[in-house]
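K.L.:
Structure in structure tokens, see below.
The values are calculated or read from the model by the stated rules, or taken from the named source; none is laboratory data. Small disclaimer: the values here were computed from a predicted structure and weren't measured. Every residue, glycine among them, receives a Cβ derived from its backbone with ideal geometry; neighbour counts consider all protein chains shown. What goes into the accessible areas is simple: the full protein's heavy atoms, side chains included, and nothing from ligands, DNA or RNA. Shrake-Rupley method; radii C 1.70, N 1.55, O 1.52, S 1.80 Å.
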Amino acid sequence: VTGPAVARSALVVVAARGVMALDPATGEPLWEMDRTEGPAGPPAIAGDLVMHASGSGSSTAVVARGLEDGNEAWRAFVDADVPGGLVVADGLVYAATTAGEVMALEADTGEERWRSEVEGRLEATPAVVEDLVLVAGEVRQTGVVTVFALDAATGGRPQWRFSTPGPALPASAPASDGERAFVATSEGVLRALDLDGGGQVWTAEIRAAVSSRQVPAASSPLVVADRLHLYGLGPGDGEERWTFLLADFRALPGGRQNTLSPSSPAVLGGAAVIGDTSGVLSAIDLDTGRLVWRSDLSPGPLGAVAVGDDLVFATTLGQGGSVIGLEHDPDGVLLDEPSPTTVFPVRAILNFVVAATVV
């Protein structure tokens, strides 16, 4: 099950062989349609239509369905896998393929506006900011990751590109705050690039590999996940404000260990919310970097999180995947737990003294 797309009237998720719309308030099914099995990311909603990828290889298509009834409105073949999500902006639907092509389709009709080729496989969801489409290409032979910026209205040759100096794949999806583009790569670097020319503004260290399914949250602070940690960074300078270790090796129920699934954080009010492979949904305070609540939702991994008007939606992965809606509990008591990696000097010294005494 992919991360959901949320509208006031429907919550839409894509599964291996189907597409389903649920009532966002109750979770009751509104409609369900078959989908040709193949890679897919989160769907995109534009007006009264929802768009999703269907099929694989040369038979891959972007399909638009009515949000109310699920009936097919149009189908546009794109000729290669679309593993990332679709993005809608200014009446166009943007898709990126593993053949290295970026395309823009008319949201109302599916007519192809433009198609441009860049170097490398495009595994991640594109980002649309101002008049640019940002994509991260991965060249498997060299391991180099290149961020390309294309004109959102016309495509054509990239307006700028930035390549890593060495092997760095996989890379996260790009994100932007309107001034900079952010992308994390698996050689342990998060980069901020200038939107005007693609120059590197700053870099920050991350401690584990990332996934093309992960999308930084361009909030303040900038929230970025790798496979083990969640980071809060200054968007202007990359300064690390806090880090929270989500790989908590203290025992969870059933002896499970908590490690991050390849999904993305969602910013909800003053917290960043993210799921992990142990089925735990965690909320980290944006200001302090401390855990403020957690919910044990599943014995298996959680996928992407989405936020609606009044609810938080999480998906569980694997056979029997499901969608879960959570609401605010006015009687709930918030936690205030530091990251397991936080060092308390007095406690550390006392522990050392006791250990030395025993020895």
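K.L.:
Over the Cα atoms, compute the radius of gyration (one decimal) and Dmax (the largest Cα-Cα distance, rounded to a whole number) for the chain, in Å.
P.N.:
Spelled out, the Cα radius of gyration and Dmax of the chain are 20.9, 76 Å.
K.L.:
Here's something else I'd like to know. Give the residue list of trypsin sites (Lys or Arg not before Pro) in the stretch 60-167 that are DSSP loop and have at most 15 other beta-carbon atoms within 10 angstrom. Please report the intermediate quantities before stating the final value.
P.N.:
Details: sites: Arg65, Arg75, Arg113, Arg115, Arg121, Arg140, Arg161; in loops: Arg140.
Here the trypsin sites (Lys or Arg not before Pro) that fit, given the DSSP loop and packing criteria, are Arg140.
K.L.:
Here's another thing I want to ask about it. Based on C-alpha coordinates, I'd like the Rg and Dmax of the stretch 109-184, in Å.
P.N.:
Both quantities, over Cα of the stretch 109-184: 12.4, 42 Å.
K.L.:
Carbon and sulfur together cover what percent of the accessible area of the stretch 159-207 at a 1.4 Å probe radius?
P.N.:
On the way: 860 of 2000 Å².
Answer for the stretch 159-207 is 43 percent, counting heavy atoms of protein chains only.
K.L.:
How much length is gained on full extension from Ala15 to His328, taking 0.36 nm per residue of separation minus their Cα-Cα distance?
P.N.:
110.0 nm
K.L.:
Right, here's the next one. Per the Cauchy relation, a quarter of the hull surface: what is the mean projected area of the convex hull of the alpha carbons in the stretch 51-172, in nm²?
P.N.:
Its average projected convex-hull area is 7.4 nm².
K.L.:
In percent, what relative contact order does the chain have, based on Cα pairs under 8 Å that are 6 or more apart in sequence?
P.N.:
Dividing the mean separation by the residue count of the chain yields 9 percent.
K.L.:
On to the next question. Hey, rough spin-label estimate for Arg207 and Asp23, points 7 angstrom out along Cα→Cβ, what's it come to in nanometres?
P.N.:
Between Arg207 and Asp23, the label points sit 4.5 nm apart.
K.L.:
Related question: With bins 10 Å wide starting at 0, give me the P(r) of the stretch 1-64 over every alpha carbon pair, in whole percents.
P.N.:
In order of increasing distance, the bins hold 24, 56, 18, 2 percent.
K.L.:
OK, next. Mind checking the full-extension length gain between Thr342 and Glu106? Use 0.36 nm per residue of separation minus the Cα-Cα distance, one decimal, nm.
P.N.:
Difference between extended and current length: 80.0 nm.
K.L.:
Computed on alpha carbon atoms, what radius of gyration and Dmax characterise the stretch 93-248, expressed in Å?
P.N.:
My reading of the Cα-based Rg and Dmax gives 15.1, 48 Å.
K.L.:
When only Cα pairs under 8 Å and 6 or more residues apart are kept, what is the percent relative contact order across the stretch 178-238?
P.N.:
So the answer I get is 25 percent.
K.L.:
Per residue, how many Å² of accessible area does the stretch 290-359 show with a 1.4 Å probe?
P.N.:
68
K.L.:
Net charge near Glu106, counting Lys/Arg +1 and Asp/Glu -1 over other residues with Cβ under 12 Å of its Cβ?
P.N.:
-3
K.L.:
What number does the stretch 167-206 give for Rg over Rh if you use C-alpha atoms and the Kirkwood radius?
P.N.:
Over the Cα atoms of the stretch 167-206, Rg/Rh equals 0.96.
K.L.:
Nearest 0.05, what FRET efficiency do Ser59 and Gln319 give at R0 = 25 Å with Cβ-Cβ as r?
P.N.:
Efficiency at R0 = 25 Å is approximately 0.50.
K.L.:
Determine the per residue accessible area of the stretch 21-115 with all protein chains present and a 1.4 angstrom probe, expressed in square angstrom.
P.N.:
Roughly 40 Å² per residue, with all protein chains present.
K.L.:
Extending each Cα 7 Å along its Cβ direction at Arg8 and Asp237, get the distance between those two points in nm, one decimal.
P.N.:
Output for this residue pair reads 4.3 nm.
K.L.:
Ratio of Rg to Rh for the stretch 263-359, alpha carbon only, Kirkwood?
P.N.:
Expressed as Rg/Rh, it is 1.14.
K.L.:
Same structure, new question: Per residue of the chain, what 222 nm ellipticity follows from adding -39500 (n - 2.57) for every DSSP H run with n ≥ 4, rounded to the nearest 500?
P.N.:
Counting only the DSSP helices, I get -1500 deg cm²/dmol.
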